[in-house]
1. What list do you get for 340, 258 if you sort them by fewest beta carbons within 10 Å?
2. With the convex hull built on the Cα atoms of region 99-214, state its orientation-averaged projected area in nm².
3. Please name whichever of 120, 162, 134 sits farthest to the positive end of the charge dipole of region 91-214, dipole taken about the Cα centre and charges placed at Cβ: Lys and Arg +1, Asp and Glu -1.
4. Can you work out the FRET efficiency for the pair residue 293 and residue 367, with r the C-beta to C-beta distance and R0 = 51 Å, to the nearest 0.05?
5. Suppose a student asked you for the relative contact order of region 146-200, using Cα pairs under 8 Å spaced at least 6 residues apart; what percent would you report?
6. Using a basic spin-label model with each label point 7 Å from the Cα along Cα→Cβ, how many nm lie between residue 140 and residue 195?
7. Give me the dipole magnitude in Debye, nearest 20, for region 133-182 about the Cα centre, with unit charges on the beta carbon: positive for Lys and Arg, negative for Asp and Glu.
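Only the coordinates and a few stated rules stand behind these numbers; no lab work does. Predicted, not measured: the structure shown is a model, and the values here were computed from it. So basically every Cβ, Gly included, is an ideal-geometry build from the backbone, and we count neighbours across all protein chains shown.
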Amino acid sequence: MRRTALFALLFPLALLFLPCCDDDDNPVGGGDPDPSPRGAASPESLVVLLADAYNTEDSTDYADLLDSLYVFALDPDNINPGWWTDSTWGKKTECAIAGNMFAGSTNKNGQRTNSICLTFYNITKQVDETPYAGKPAGETWWRVTAWIDLRVEVENPHSPDGVTLFLVASDQEFVARPAPEDRTRWILFRQEDQESYGKAGSGTAREETSWGAVKSLFHPANMPPPADSLSALIERFAEAYSARDSAAYAAFLDPEYVFELAPSGLFPDGPVEWWDLGNELRIAGRMFSGWENEDVRSVESIDLAISAITSRVETGSFEGYDPFSDEPWYRIVCSIDLLVAVDDPTSMDGETLFHVTSGQEFTVRPDPGDPEEWVVFRQYDQEPYNKTRSTEEASWGAVKQLWR
């Protein structure tokens, strides 16, 4: 429920003279009088505990207050179609955002939190009759409304002072429900962000915004990709290929894996632009086992080295994929140096050495069977760089085509 315009104009001025985030000075008290591993003793004290978790930057306590079906709903004025498409997100994303903020993780813009100060005022509640999905019949849920004063100091390399203080002064609405495991305790089912009123302040390092806008800075889609794990994936991928280990190689490929050829890899007598997992494994099996193709050629050795690995959130369009989902996919870009020695009776020396040096791109996603691991969903072959005269120029896809 919105406050009056007069309150909206005058109340922020008063906040400037109040101390922030000292437990002794918190207008709503220092916490729940009935401590419990999960939830709060009342809908009103639920938001007090939420503020405590935010101010102490405790990810575990914060997650314990959220229902498994928790939803954060952005203020519509803070949905930016240029980079942000979702109006809501769930508990997994909310916990990831809080974890990034509380840990001081650096986002893609070089920003990280220095401090957080959250205070609630004028907490009220009323019965929420909304028929939410999953709401048990006859159970009473409460809509809690409170005025918030939120201050988040962020290291910001784009600010003249190197720091930006984000100021949020607004109503905030929460839906509290009984915890399923203990209906005497209350947990947070939904939070609805509201428009932030202007706050008085001075200095170039102050920015008036909404709570959702601050959270969005540290959304998983706005964080750097897990570079170490992605680099390790591609390096192990190369090791399996060099070792000619069919089982290990197959483990890195998604069930919907696709290999897209570079234009120079398209054979004029039977061109294909891509092939699927079954064909990729058949080709790899033939190369790794020394199988003779129709030209009586067979692979003697493979040496694949990968370097200059970089990664970013995948923004391509794939069925069932949303780059702003709980589990963003990533595009890996790298350089490869591939040597494939082939026993070739048509060659004067009885051998041909294919030397591929090129860029290579991969789309990787969490493994459907083990979300802690990554698999290659799509591989994009690139045109080869210049080669030495002692080897045969080819793209990776052109070499693979010999055993397709």
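1. In increasing order of surrounding Cβ atoms, one gets 258, 340.
2. 9.1 nm²
3. Sorting the options by dipole projection puts first 134.
4. For R0 = 51 Å, the calculated efficiency reads 0.95.
5. About 31 percent, as a whole number.
6. With each label placed 7 Å out from Cα toward Cβ, I get 3.3 nm.
7. Value, rounded to 20: 240 debye.
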